[in-house]
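The values are calculated or read from the model by the stated rules, or taken from the named source; none is laboratory data. No experiment lies behind these values; they were computed from the predicted model shown. Here the Cβ positions follow ideal geometry from the backbone for every residue, glycine too, while neighbour counts run over all protein chains shown. Accessible surface is based on the protein model in full, side chains and every heavy atom, while ligands, DNA and RNA are left aside. Shrake-Rupley method; radii C 1.70, N 1.55, O 1.52, S 1.80 Å.
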Amino acid sequence: MPARKKAKSHRRPETPFRHDRKGRALQEIGATIVAGGKGPSVVEEIAELVQRTCKYRWVGVYKIKRKDFVIEAATNKMKPACPRFPVTQGLSAKAKEERRTVMVPDVRKEPCFLPNFWSTKSEVIVPIIDDEHDRVLGVINVESAKVNAFDKSDRDFLEGVARIIWRALR
């Protein structure tokens, strides 16, 4: 008997991102926000989910209040050295002003780095932008004790979180 050709599937390939831990975390965050979640306790839950998902050492969410970045949520019960600082200082100011993610592979080479922890070696800061009013509400700050700790997948994930979390900060 001649070998039969395998019929081609007309199903669309599934997006692998939706099935990995980061994709599931984004879906969980989105569901929380859609259900009306907002305020400091929800932001704290989201920060902890982000930290657990990627095993980050520390995740902080800062909200802009008047002319300062003020810590809204922090993980691992670690208190940052800078729980409040002017919106004109540090790498958070750069992320806010440029409205883009700032990734710093080695903070020792960055003159405007404001240290939250003496052991921080690399950092990523993502602006949280209110899409409805086109303004920066705050930043997500993730720090590591390792040099070059973050890559494109971390940036993409954290930017996805920022696109969702702004509704909880309003």
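Side notes on the structure shown:
One line per residue, one yes/no per condition, for (1) within 24 Å of ARG21 (Cβ to Cβ); (2) touching a Ser or Thr at 6+ places or on another chain (Cβ under 9 Å); (3) of a type in the set (S, T, N, Q):
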{"residue": "MET78", "(1), (2), (3)": "yes, no, no"}
{"residue": "GLY90", "(1), (2), (3)": "no, no, no"}
{"residue": "ALA93", "(1), (2), (3)": "no, no, no"}
{"residue": "GLU110", "(1), (2), (3)": "no, no, no"}
{"residue": "GLY138", "(1), (2), (3)": "no, yes, no"}
{"residue": "ALA168", "(1), (2), (3)": "yes, yes, no"}
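- Selection status of GLU143, at pLDDT 95 or above, touching a helix residue (DSSP H, G or I) at 6+ places or on another chain (Cβ under 6 Å), more than 22 Å from ARG167 (Cα to Cα) and open to solvent by less than 10 Å² (accessible area, probe 1.4 Å): no
- Subset of the range 84-96 (residues that are surrounded by 15 or more Cβ atoms within 10 Å (Cβ to Cβ) and of a type outside the set (A, V, I, L, M)): PHE85, GLY90, SER92, LYS94, LYS96
- Number of positions in the range 133-170 that are assigned to a loop (DSSP other than H, G, I, E, B), within 22 Å of THR88 (Cα to Cα) and touching a residue at least 60 places away in the same chain (Cβ under 8 Å): 1
- For TRP58, the criteria (1) more than 23 Å from ASP130 (Cα to Cα); (2) under 13 Å from the mean Cα position of the chain (by Cα); (3) open to solvent by 30 Å² or more (accessible area, probe 1.4 Å) hold in every case but one, which is (3).
- Qualifying residue in the range 34-50 (condition: at pLDDT 90 or above, in contact with a Pro (Cβ under 9 Å, 6 or more places away or on another chain) and crowded, with 16+ Cβ neighbours inside 10 Å): no
- Selection count where residues are at pLDDT below 95 and either open to solvent by less than 40 Å² (accessible area, probe 1.4 Å) or under 16 Å from ILE125 (Cβ atoms) (or both), scope the range 61-71: 0
- Test: residue in the range 101-120 that is under 27 Å from THR32 (Cα atoms) and either free of Cβ contacts under 8 Å to residues at least 40 places away in the same chain or buried (at least 17 other Cβ atoms within 10 Å of the Cβ) (or both): yes
- The combined condition, being among the charged types (D, E, K, R), open to solvent by 10 Å² or more (accessible area, probe 1.4 Å) and either modelled with pLDDT under 95 or over 13 Å from the mean Cα position of the chain (by Cα) (or both), is not fulfilled by LYS152.
- Pair list, Cβ < 8 Å and 6+ apart or interchain, from the range 50-63 residues that are in contact (Cβ under 8 Å) with a residue 60 or more places away in the chain and basic (Lys, Arg) to residues that are part of a strand (DSSP E or B) and open to solvent by less than 10 Å² (accessible area, probe 1.4 Å): ARG57/GLU143; LYS63/PHE69; LYS63/GLY138
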